[in-house]
Amino acid sequence: MADVPPLVSFRDVRVDRGGRAVLTGVTADIPRGGITALVGLNGSGKSTLLRAMLGELPHRGDIIYRCGHDHSRPRPEYVGYVPQRLAIDARLPITVRDLFGLALNGWRPVVFGFRKSVSVRATEMLKKVDAAHVLDVPIDGLSGGQMQRVLLALALDPQPELLLLDEPAAGIDFKDEQDFYQLIATLNRNTGVTVVLVSHDLPTITRFASHVLCLQAGTIRRQGHPADVLSKESVAATFGPTGLGAR
Ligand SMILES: Nc1ncnc2c1ncn2[C@@H]1O[C@H](COP(=O)(O)OP(=O)(O)OP(=O)(O)O)[C@@H](O)[C@H]1O
Ligand SMILES: [Mg+2]
């Protein structure tokens, strides 16, 4: 696989926020078809890097995409994104079915109720993440793990070439977390989608990721195979003796 060019390359990328450089000199590659974990302490710039990839934040330097099987399209046609924080209020009095209705309607308010096709589509989308049973659950009644699956289902439609997950398992219990990562690994294997995920959980990354990017104070300090980048010695050298565990 060494001759497959990376799906995304960062070359000397800089992003300013609030009048200061949050990312600087970021040079890294995201292997095509892999699961890349983005790790770093709080405030190191992980979410900023994902949002720069999405074009939500302006950057200097180059973010180079190599997409499309015929290479005629530089950027992925579809990028799925699950943000670290929800842009909607999870206490809204709506069900998962309503949420899909809004999403399938381009997030425009729906005045006359949803057509039956919404329920059919929503059920199909939820089946992909083993969560069809939550269709009629109010969103404020979802467990953390169920909410992540709902957001993932939305991010998987249309089928993306690149899936960006910002701390997808934060706040969910160990069993749900392992099941969630297992689901991501299966999707990656079955669809070939390239995954970039932010996580603080080093054992889980070692188990599921094929590549690691290590951000420190806005710059990539190490990158490579999890076994090399996340060895005890390497983590201690990069982050100090307490490692990445402190949140
Ligand atoms: N809107 C903003 N204006 C100014 N500074 C910001 C803004 N958003 C983020 N920052 C700063 O950018 C830096 C990186 O933030 P970012 O959210 O990318 O970090 P992170 O690695 O995702 O952290 P966490 O692990 O807490 O999610 C932080 O120092 C943060 O304070
Ligand atoms: Mg973040």
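Placing +1 on the Cβ of every Lys and Arg and -1 on the Cβ of every Asp and Glu, with nothing else charged, gives the chain a dipole about its Cα centre of roughly 380 debye.
With a simple spin-label model that places each label point 7 Å from the Cα along the Cα-to-Cβ direction, the separation between Asp16 and Gln178 comes to 4.8 nm.
By the rule of a C-alpha distance below 22 Å, with chain neighbours fewer than 8 residues away ignored, the lysines paired with Lys127 are Lys116, Lys175. Modelled label positions at Tyr78 and Arg60, each set 7 Å beyond Cα in the direction of Cβ, lie 3.7 nm from each other.
For the chain, the relative contact order is 27 percent, taking Cα pairs closer than 8 Å that sit 6 or more residues apart in sequence and dividing their mean separation by the residue count. For Lys232, a cut-off of 20 angstrom between C-alpha atoms picks up these aspartates and glutamates, skipping any fewer than 8 places away in its own chain: Asp201. Estimated at 0.36 nm per residue, the fully extended path between Thr191 and Trp107 surpasses their Cα-Cα distance by 27.6 nm. Close amide H contacts of Arg222 (hydrogens built in the peptide plane, cut-off under 5 Å, sequence separation of 5 or more or a different chain): Cys214.
Here Lys46 is the anchor, and no lysines lie within straight C-alpha reach of less than 16 Å, apart from those fewer than 8 places off in the same chain.
DSSP finds beta bridges in the chain, and of those with both partners inside it, around 50 percent are antiparallel.
Only the coordinates and a few stated rules stand behind these numbers; no lab work does. As the structure is a computational prediction, the values presented were derived from the model and not from experiment. A quick note on method: Cβ atoms are made from the backbone with ideal geometry, for glycine too, and the neighbour counts reach across all protein chains shown.
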